[in-house]
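Read through the structure below, which is laid out as structure tokens, and then see the notes.
Bear in mind that the values in this text are calculations on the coordinates, not laboratory data. Just so it is clear, the structure is predicted and the values come from calculations on it, not from any experiment. Every residue, glycine among them, receives a Cβ derived from its backbone with ideal geometry; neighbour counts consider all protein chains shown.
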């Protein structure tokens, strides 16, 4: 009997030993998985520099590579908690592999890596997919996703099952791995191997690893609360730096006749191509812009985006707040601004009796502009859906030439002074790697044909944008109203540019120029995009708005300039609004889409088809019935027809709506 008990104890010990051995074996398997997955992720992130760069990174930055593998291992370790370990292992692995693949594809088309904020931009991303990927590539992507889902389902249904789970051991193993990962994070940050601040998102991903940076950008959101934030702190900033010693709360009043129209044009992916030192140009593709820079106030323009991120440059210009105060990769247009108003150039100009207008020759819903502009004080917003006469580039982007007409319609048709903020789109990537222009204005010489054709396409689109600038300046010159025109590039193009290939090596620099027909003194200086609004206000003698007033009366080289600017930005968006006396004075505008009213004058039936006569229809006008978009044919700005049958009883309920044709979202509906 005693021998039997000893044998039983011995067998139990063997089982426990085998169980622990299985834990270690499976843990080793997970560790190998983590290393392989991380190698895949980092290889894809560096594919533009060569397929072997992932291995180079692994051996040149071993500590960071092992640390990021540890992050992946920590997520994989949760498989110990379920019976179908292999299924969960595959599921988690697919997530990481998918992250690496998506990041790699994005980096082929732009210079900013993948972040969680891109998930908020899924609608925008899907709308751009056709511009970035061929039809066959999209089909292969969908097929690959379908296969992975099928494999995961099969593993769940028919995969091996771990019968006995010792949850105490499993939780202990997970706790140890997660604890080591957390401790390593704290230690590596303290010794400077890792950083929590990403001055350059692309470089941060390369230096600190994709997994760490993706998690950091996912968790680090908004403007962090400044140390010592209080009503007294905000009052001290305002009283010390504000010209009048108060918060400059804006009141609406009649315009001062001495103030000019203010026109701002943000040029998509626009920069001086002569700064690219790895190519040669046959001539200068932007002679108009160059001439303006030589004769008017101009300088380098430091922006927060590189290869992508148009909306963040736009945000800085309109608000005077740096997007570096927000989480890495964050878009304010995708966050607080969707539901909360914020002091902006538009609100300031409106306080002086101006009309505030936004124009963009692309979709209204892109970057949520259809929602955000009302919270930035714009009276009207004219996107692509409200324009006629659109022509397209070979890469299917609207050409900017249409913008001259849209800007001049506002300037000439309104009695009050105008603030017009315009976003162009013609220079947008991607850029074809084969010859497109048979007789280009500018030819490019490069080391290889891939580079040659991409840059040749880009610089010739720049030339067409330069022709638009020429037409706009000419139209404004002929107009009798005093006008100040600001032109600038939102970021450099997504052309895989290396630091040593561009200017002084700063990939976050474009150029700006301030043209006027009033004889303003030429003052050349280099500016950040969040400084340009205060500069414009200073040039025309306007001193209003909390942020702009602060910037106008502060030495920007002062050590407290940016911390105070951050405190004011936090107070406005996330704090208690002490700078406003605790009450936000800005109400969302009842924004109007387009500047010309769309009207229905008559509904006619000819045979079995209906025709609607009216005014200001566009190619995005559709007949709708009870919120359903009907098959419509656009015939002219005064006539559209219905391509499908409708019950005559319902015909009287038909309306005309402006439609986002990619999502079929109804933007506005004519009430006539």
For peptides 542-551, 169-178, sequence by mean Cβ density within 10 Å, most packed first: 542-551, 169-178
Quick check: the distance between the Cα centres of the stretch 298-322 and the stretch 560-576, to the nearest angstrom? 18 Å
Quick one: Cα centre-to-centre distance for the stretch 429-495 and the stretch 379-403, in angstrom? 16 Å
Just to be sure I understand: of the beta bridges DSSP finds with both ends in the chain, what percent are antiparallel, rounded to 5? 60 percent
Can you order the peptides 376-386, 360-370, 431-441 by their average number of other Cβ atoms within 10 Å per residue, highest first? 376-386, 360-370, 431-441
Starting from the Kirkwood Rh over alpha-carbon pairs, what translational D in µm² s⁻¹ does the stretch 580-654 have by Stokes-Einstein at 10 °C and 1.306 mPa s? 110 µm²/s
How do 306, 670 line up, fewest other C-beta atoms within 10 Å first? 670, 306
Rounded to one decimal in Å, the inverse mean reciprocal Cα-Cα distance for the chain, i.e. its Kirkwood radius, is 28.2 Å
Computed [θ] at 222 nm, deg cm²/dmol, the chain (DSSP H ≥ 4; -39,500 (n - 2.57); rounded to nearest 500): -14000 deg cm²/dmol
Packing rank of 505-518, 403-416, where each peptide gets the mean count of other beta carbons within 10 Å, highest leading: 505-518, 403-416
Kirkwood hydrodynamic radius of the stretch 250-592, from inverse mean 1/r over distinct Cα pairs, in Å: 20.5 Å
Cβ density ranking, 10 Å radius, fewest first, applied to 338, 454 yields 338, 454
